[in-house]
1. Answer yes or no: is there a residue in the stretch B:133-142 that is within 16 Å of ligand 2 (Cβ to nearest atom), within 13 Å of chain A (Cβ to nearest Cβ) and either of a type in the set (A, V, I, L, M, F, W, C) or closer than 30 Å to B:MET6 by Cβ (or both).
2. Looking only at the stretch B:181-240, which residues are of a type in the set (Ser, Thr, Tyr) and either under 19 Å from B:GLU165 (Cβ atoms) or free of Cβ contacts under 8 Å to residues at least 12 places away in the same chain (or both)?
3. Identify, by number, the condition in (1) away from ligand 2 (no atom under 16 Å from the Cβ); (2) outside any strand (DSSP E or B); (3) more than 14 Å from chain A (Cβ to nearest Cβ) that B:LEU8 doesn't meet.
4. Go through the stretch B:101-116 and give me each residue that's facing chain A (nearest Cβ under 7 Å) and polar (S, T, N, Q).
5. Across the stretch B:39-76, what is the number of residues that are exposed (fewer than 14 other Cβ atoms within 10 Å of the Cβ) and near ligand 2 (Cβ under 9 Å from one of its atoms)?
6. Specify the residue that is modelled with the lowest pLDDT; the eligible residues are those in the stretch A:162-205 that are of a type in the set (Val, Ile, Thr) and more than 15 Å from A:ILE59 (Cα to Cα).
7. Since B:ILE122 meets every condition but one in (1) in contact with a Lys or Arg (Cβ under 9 Å, 6 or more places away or on another chain); (2) surrounded by 20 or more Cβ atoms within 10 Å (Cβ to Cβ); (3) facing chain A (nearest Cβ under 9 Å), which condition does it not meet?
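The values are calculated or read from the model by the stated rules, or taken from the named source; none is laboratory data. Computed from a predicted model, the values in this text were never measured in an experiment. Positions of Cβ are backbone-derived with ideal geometry, glycine not excepted, and every protein chain shown enters the neighbour counts. We work out accessible area using only protein heavy atoms, side chains counted, and drop any ligands, DNA or RNA first. Shrake-Rupley method; radii C 1.70, N 1.55, O 1.52, S 1.80 Å.
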Amino acid sequence: MFSTGTTYFLILVIVYILLVWGALIPFRAGLLYNGTVYCMAIGGYVAGFLSKNFDLPFIVCVLAAILVGLILGFIPALGFARTNGIVTAISSMALIFILESVIRNLDFLGGSTGMTGIHKENHLLLWAVILLIIFGVFLYRLNNSRIGRAWEAIQTDPQMAQSLGVNTFWMTVAALTLSSVFSATAGAVYAFNMRVLYPGTFSFTFLLNIMTMLFVGGRYTQWGAIISCPLLWSISVFMPTSIQKLSNYIYAVILILILMLRPEGIVTRRMTNKVKNFFTAKLSRRRQGAKA
Amino acid sequence: MEQTEMMLKISDLSVYYGPICALKKVDLEVRKGEIVALLGSNGAGKSTLVNTIIGLLHAKRGKIEFMGRDITRQKTETTIQSGISVVPEGRGMLANMTVMENLQLGVYRHKGVDFNKNLEMIFEYFPILKERQWQAAGTLSGGEQQMLAISRAIVGEPKLLLMDELSLALSPAYVDIIFKALIKLRNEKGFTILLAEQNAKKALQYSDRGYVLDLGETVLEGDARELMGNPYVQTAYLGA
Ligand SMILES: Nc1ncnc2c1ncn2[C@@H]1O[C@H](COP(=O)(O)OP(=O)(O)OP(=O)(O)O)[C@@H](O)[C@H]1O
Ligand SMILES: [Mg+2]
């Protein structure tokens, strides 16, 4: 349907959207969590390892990646749920460096030379789109559920949330664990797209990209990522090779500009609230009309 | 006073912030259907008491019983679930969430509560909230926010309602409107209310009994009318 280049590009955009969602969920609960790349690496390596050694089908590898990501995301979450602000941000970032040195020393994961031989999945784009839709619908429903409201309450005022009966500790752990699931899935798709993984890929640069996309798109709604990911990723792909080395700086400049000019990002809460209220109000009016 | 069912019984309660003693051997009782005022000036320990009852703070000594059960060391969410709601100091609005979402959070821990039915009752009491239900809570006026805070606390049909500084930053006319709504709620729904208030005059006017806290100690207690006539209360809290 698409050329190889386009397919490759689109899949990476989807990977980024999933990762940005992975960063968004803890943010909704008031945490600046930088463990997304860590969980992505876990998902990538689990999927890659299973495909390479056992030739398991794509979807089985994804499910395994989710499972392992969930467990390895849950354990540190028990610690992070007791921290906040800058402490969470810094200590979760440290997970990337720890994992990187662990992978470098594990020969069955390819060590420093990287992992090759991940099998080709012919319908990867289709799978990626399906996963994107499933996760997107799930996240939407979650955001508008009892749990989503509890997270938002924690973000606004943890003590207030607690006095409404929210168990802030376990709700935070849940947010971080769910974030790991999104990131691990993104990692698995990424592994099948690249078909070769290096420990250094899952680096600080990746994290910077994700955070830029989150803040540029809008960190309060899931729709921001759908705009910012393709936009920013095409900047770094389609820009002339001569300045591609500068993409880190360009991202940083864009991030700073957006935060100064439009602090909530492109898609703001007011925008989504307007759309949502338009529909809910209309719906309830119709319901009342039917009753009368 | 006739023997009605005991709602809240606090005995010998002491609470510390580090080395600072905020509550010292406090005894307090609230019976079913009563409106009890908890008076005291800035720093007297009213908020500390409210927060200790719901388990946000922990007592060093003493006991808190709710409907005969010891809740002194109970987790906040369990206490909320068992039927205590709080209107926190400074309204505690979740400003970016809509009025409706705020109300929905009022039943976060409440199973078996008919949210829609209670919502209709609340909209009858406070029609303005119905009009504004899709609006962000932070865009309501101060008085409307206070109505929302009360509504959020009662939508889960609590047995005991704790209100911290209800009259804060409200005009006297608005305070009357809100207190009258509370009285009506108590009479119609049988709520029991503990009111922490600096505004002694209004609080005593609308309550049955009162306690006066000073520097963490109960210095006076009694019938609301008696307290209003008490010379100490008059000079210290009523500015007479
Ligand atoms: N987190 C805290 N750490 C240390 N001391 C505190 C803390 N919170 C309150 N205090 C102290 O405890 C005492 C009681 O405070 P509290 O907030 O209960 O007073 P209050 O009666 O609610 O006053 P106000 O009418 O001003 O709200 C005060 O002396 C206050 O300084
Ligand atoms: Mg107070």
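1. Taking the stretch B:133-142 and keeping what is within 16 Å of ligand 2 (Cβ to nearest atom), we get none.
Within the stretch B:133-142, not a single residue is within 16 Å of ligand 2 (Cβ to nearest atom), within 13 Å of chain A (Cβ to nearest Cβ) and either of a type in the set (A, V, I, L, M, F, W, C) or closer than 30 Å to B:MET6 by Cβ (or both).
2. So the first thing to find is which residues in the stretch B:181-240 are of a type in the set (Ser, Thr, Tyr), and the list is B:192, B:206-207, B:211, B:218, B:232, B:235, B:237.
Listed by number, the residues that qualify are B:THR192, B:TYR206, B:SER207, B:TYR211, B:THR218, B:THR235, B:TYR237.
3. So the condition that B:LEU8 fails would be (2).
4. B:GLN104 - this is the single residue of the stretch B:101-116 that is facing chain A (nearest Cβ under 7 Å) and polar (S, T, N, Q).
5. 2
6. Filtering first and then ranking leaves A:THR205.
7. The single condition B:ILE122 does not satisfy is (3).
Residues are listed down the side, and each one gets a yes or a no for (1) buried (at least 23 other Cβ atoms within 10 Å of the Cβ); (2) within 14 Å of chain B (Cβ to nearest Cβ); (3) assigned to a helix (DSSP H, G or I); (4) hydrophobic (A, V, I, L, M, F, W, C):
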residue	(1), (2), (3), (4)
A:VAL166	yes, yes, no, yes
A:SER183	yes, no, yes, no
A:GLY187	yes, no, yes, no
A:LEU207	no, no, yes, yes
A:PHE215	yes, no, yes, yes
A:ILE227	no, no, yes, yes
A:VAL237	no, no, yes, yes
